[in-house]
Amino acid sequence: MKFVLSTSFSQVAHLTAIAPVADDCGWEAMSFSDHVVHPRSISTPYPYTEDGSRRWQAFTDWPDPWVMIGALAALTQRLRFTNNVFVLPMRNPYLVAKAISTAAVISDNRVTPALGVGWSSDEFALMQQDFHTRGKRVDEMIEVMRLLWSGKWVEYSGQYYQFEAMEMNPAPSAPIPIWVGGIADPAMRRAARLADGWVTDLQTSEEIIRSIGQIQEWRREYGRESEPFEVMATPSDAFDIDGYRRLEDAGVTHILTMPWPFYHGDTQDLELKLDGVKRYAEDVVQRMA
């Protein structure tokens, strides 16, 4: 099992210090959440809390994931980079394909975009993208990006995106794996049908295991059961080796976690964060390896 360090709610100034330490002590990857703006009030309730309120406060840092990944790739040698998750359909697919392929080239293929459809209709409106067609558009956008990442002449004719022969470079030297995030059936079906992996939200171990079983059934329906498939989980009730082993046996390949709260609570002290990154690597990451 591999471990991914969540950077949610962290100050940008801390990330350039954390990444080289995580790289040195055995973390597999760092992950970045995604919001462009933080409206004072929202018209769409946040779907992952009981009362619809957001898990973060105003004025939290939300760096652009691909700018941040490009910067951190230059400071690291082995560490991979992913998302939890990147809201693809509130963007232009050609610009996203360009950003991700550039990050892949800079990092020597150390990126795994993890894509979601998003929940905030307010942000979609600001980005001038249709909120109601976001699921169908994601399906086409994934196909479009994979074509463009080939670096060859490609063309596409879909319901939402069409183009005649064109090429996009620089192209990555290896295929870019795509994970899909979300715990609703359409998201998990999309992961089974189109993706190389699935990303959970905060769920119990039982919920994660049950969801993996369902995704595996759908992958068999799509004839994809023999292809490699990864799962990045954020269990709400597993915090030790035994709990992680149980999830590993069920198909979880990556655990997404924030290490410093285990030792120092919800701190914004950089030295305490770095201590947590190192200690968790010794206590858990290296033992699970």
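Structure summary
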quantity	calculated
Length released on extending from Cys25 to Glu221, taking residue separation times 0.36 nm less the Cα-Cα span	66.5 nm
Cβ-based exposure ranking for Ser6, Ser41, Ser101, in which fewest neighbours within 10 Å come first	Ser41, Ser6, Ser101
Loop-resident sites, the range 113-186, for GluC sites (Glu not before Pro), counting at most 12 other Cβ within 10 Å (DSSP)	Glu167
Qualifying GluC sites (Glu not before Pro) for the range 203-289 [loop in DSSP, other Cβ within 10 Å: at most 15]	Glu225
Alpha carbon centroid spacing (whole Å) that separates the range 156-228 from the range 18-44	21
Cα gyration tensor shape for the range 131-234, rounded if a/c is under 1.5, else prolate or oblate	prolate
Spin-label pair Leu75/Glu206, simplified geometry with 7 Å Cα→Cβ offset, distance in nm	4.2
Whole-number percent relative contact order across the range 173-215, with pairs defined as alpha carbons under 8 Å at least 6 apart	37
Sequence of Leu72, Leu147 once ranked by neighbouring C-beta atoms within 10 Å, starting from the fewest	Leu147, Leu72
Average Cα contact separation per residue, the chain, under 8 Å, 6 or more apart, as relative contact order %	19
Structure-based [θ]222 nm, the chain - -39500 (n - 2.57) summed over DSSP H runs of at least 4, per residue, nearest 500	-11500 deg cm²/dmol
Fraction of the pair-distance distribution of the range 131-173 above 11 Å, Cα-Cα pairs, percent	64
Rough spin-label spacing in nm, given labels placed 7 Å along Cα→Cβ, for His132 and Glu282	5.7
P(r) of the chain over all Cα-Cα pairs, binned every 10 Å from zero, in whole percent	6, 27, 37, 24, 5, 0
10 Å-binned pair-distance histogram of the range 138-198 (Cα, whole percent)	21, 44, 30, 5
Net length gained if the chain between Ala58 and Ser157 were fully extended (0.36 nm per residue, minus Cα distance)	31.5 nm
Sparse-neighbour loop sites [chymotrypsin sites (Phe, Trp or Tyr not before Pro); the range 138-190; at most 15 other C-beta within 10 Å; DSSP]	Trp153, Tyr160, Tyr161
The range 19-82, Cα convex hull volume normalised per residue, Å³	114
Proximal lysines relative to Lys152, as straight alpha-carbon distance under 28 Å, when same-chain residues fewer than 8 apart are discounted	Lys98, Lys136
Descending semi-axes in Å of the range 181-289, equivalent ellipsoid built from Cα gyration tensor	30, 14, 12
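FYI, it's all coordinate maths here, none of it is from the lab. Just so it is clear, the structure is predicted and the values come from calculations on it, not from any experiment. Ideal geometry is used to build each Cβ from the backbone, glycine not excepted, and the neighbour counts take in all protein chains shown.
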